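Right, one structure below, let's go through it.
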Amino acid sequence: MLDTPEIETFDATAVNSARMRQPLYAARKKVFPKRAEGSFRRFKWIVMLITLGIYYLTPWLRWNRGPYAPDQGVLVDLANRRFYFFPIEIWPQEFYFVAGLLIMAGFGLFLVTSTVGRAWCGYTCPQTVWVDLFLVIERAIEGDRNARIKLDAAPWSAGKLIKRVTKHLIWLIIAVLTGGAWIFYFADAPTLLRNLVTGHAEPVAYITIAILTGTTYVFGGLMREQVCTYMCPWPRIQAAMLDENSLTVTYNDWRGEPRSRHAKKAAAAGQAVGDCVDCNACVAVCPMGIDIRDGQQLECITCALCIDACDSVMDKIGRERGLISYATLAEYQANMALATAGGTSTIDPRRVHDANGRLSDKVATFHLKKLMGPRTLIYLAAWTLVGLGLLYALLTRDRLQVNVLADRNPQFVVLSDGSIRNGYTIKLLNMIPEPRTITVTMQNLPGADMSVVGMDQHVERSFVVEVEPDKLKTLKVYVRQPRENIASSVQHFTFVVEDKSSHESDRYEATFDAPETGK
């Protein structure tokens, strides 16, 4: 028994123990995490609601792009090879924007990890979010930790069967909704939903839903922490991102050891007693099944639920919070040196407390400026530069493009009047969801004129053509130059295309081939 009877103790042992690793092919030991209460748990609820809300609701948001483009806010239109993100439209040749966003995501992950450890894993990783959601359902049906352990060990009965079937049925419904929400990003959501319900959707839609349903159900409901431990590579990579100034969830054994459930008796006997009362609350709430008091472990996703659990215990026994806290390695080593007299003795928590039992002023504490180390600044600078580069490219990109392909067989034709004619395929790309009137002009080729296949009238040096919204217009154009105006066998000239209403234009430098002089 503890000296303070209001402190609940838990018969909880680490399933994934850093001190004694399980064999690789050992049978899984189930983890029954207790619901935690505290600031980090509330923050996780907020993050879960925001991320799930974004995922499920985004395909249903509308954005008016006019009558010639879809009105779905976020749409990956594979059929027409377009990506729409509210006012932004990305064409296949602009895939570098997607590549840039992936680079930003990479630098962002490095930045977050170098400052606050695996915060991505603990709060926003899809695996973490859906496991949290599945645990909410499990607790609502089967009860909290002790009730679930008891139910799992109990023989099968009608009550147990009903609870298990209900839980797994709701999990499957969530998994189906997860798969369904994903495919809505690739087609008009209301239309696709109607087709799914009536059975008129394409087979690939049903196949995708089935695959995502299975993976969500298995990963989030059945495998849980095993996905993070055995399937995810990030725990093994993150160590390269950390340094002595990175924040990680840390058990401060310099003030917690030696732990005792009978602190008052031990203190009365003159023994050194740490703040840890060995209640195992931190183990009971851990969704990964570890004991944070064993030190840093690859299974730890830094969700900080153990901090909430430990802080609540410290409040009850009148000790300062932070026995388990976000701390840097530099801070931990300084305090460990203080508690061990520079490493010359075992931990004595009396060295880090004052006469009133509060933490001494000599204890190193965290300051935000410690995070701003060279590595963090480099990641932040790289992330910012890539972001600014993408923003500049987005704001200055052309929405009207021209490409010209010269005929090569034959390169030129000598007409009956002695003039030389070259053929060109001109492609006009209108990259906005509105029709455009485009003027095509030829420059820097003296005496030359043009003719366009499909146009009745002969044109001199420019012509006007209508281009449909979000379409590529292909024209066959012949350029003729009188023999007396030909200066050399290869002449350079320019096709200029312009939308005079928006003042957008583009240019293409072309060549005009002719026989060598004297032939």
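The values are calculated or read from the model by the stated rules, or taken from the named source; none is laboratory data. Keep in mind it's a predicted model, so treat the numbers as computed, not measured. All Cβ positions, even for glycine, are placed from backbone atoms using ideal geometry, and neighbour counts span all protein chains on display. Heads up: the accessible areas ignore ligands, DNA and RNA and are worked out on the full protein's heavy atoms, side chains in. Shrake-Rupley method; radii C 1.70, N 1.55, O 1.52, S 1.80 Å.
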- Message: Cβ contacts < 7 Å: first residue under 13 Å from Asp291 (Cβ atoms) and at pLDDT 75 or above, restricted to region 6-30; second residue open to solvent by less than 90 Å² (accessible area, probe 1.4 Å) and basic (Lys, Arg), any location; separation 6+ or different chain. Result?
- Response: none
- Task: Please list, ordered by first then second residue, the pairs with beta carbon atoms under 6 Å, 6 or more apart or interchain, first in region 201-217 and of a type in the set (Phe, Trp, Tyr), second part of a helix (DSSP H, G or I) and open to solvent by less than 30 Å² (accessible area, probe 1.4 Å).
- Result: Tyr217/Trp171; Tyr217/Ala175
- Checked pairs for region 241-258, first touching a residue at least 24 places away in the same chain (Cβ under 8 Å), second of a type in the set (Phe, Trp, Tyr) and open to solvent by less than 10 Å² (accessible area, probe 1.4 Å), C-beta under 7 Å and 6 or more apart or across chains, list as none
- Item | Residue that is modelled with the lowest pLDDT [pool: residues in region 206-247 that are within 30 Å of Asp348 (Cβ to Cβ) and surrounded by fewer than 19 Cβ atoms within 10 Å (Cβ to Cβ)] | Asp243
- Query: What are the pairs, 6+ residues apart or on separate chains, where a residue within region 153-181 that is closer than 12 Å to Glu142 by Cβ has its Cβ under 7 Å from a residue that is among the basic types (Lys, Arg) and surrounded by 14 or more Cβ atoms within 10 Å (Cβ to Cβ)?
  - Reply: Ala154/Lys160
- Query: Tell me, which residue of region 186-201 that is surrounded by fewer than 16 Cβ atoms within 10 Å (Cβ to Cβ) and part of a helix (DSSP H, G or I) is nearest to the chain's Cα centre (by Cα)?
  - Reply: Pro190
- Could you tell me whether any residue of region 52-61 is of a type outside the set (Ser, Thr, Tyr), more than 30 Å from Leu135 (Cβ to Cβ), modelled with pLDDT of 95 or more and not in a loop (DSSP other than H, G, I, E, B)? no
- Note on the structure: Counted residues in region 67-102 being in a loop (DSSP other than H, G, I, E, B) and either of a type in the set (Ser, Thr, Tyr) or open to solvent by 30 Å² or more (accessible area, probe 1.4 Å) (or both) come to 11
- Task: Kindly provide the set of residues from region 478-519 that are under 21 Å from Ser416 (Cα atoms) and of a type in the set (S, T, N, Q), ordered by number.
- Result: Gln481, Asn485, Ser488, Ser489, Thr517
- Being closer than 21 Å to Ile7 by Cβ, within 36 Å of the chain's Cα centre (by Cα) and open to solvent by 40 Å² or more (accessible area, probe 1.4 Å) is the filter here, so list the residues in region 293-343 that pass it. Ser312, Arg321
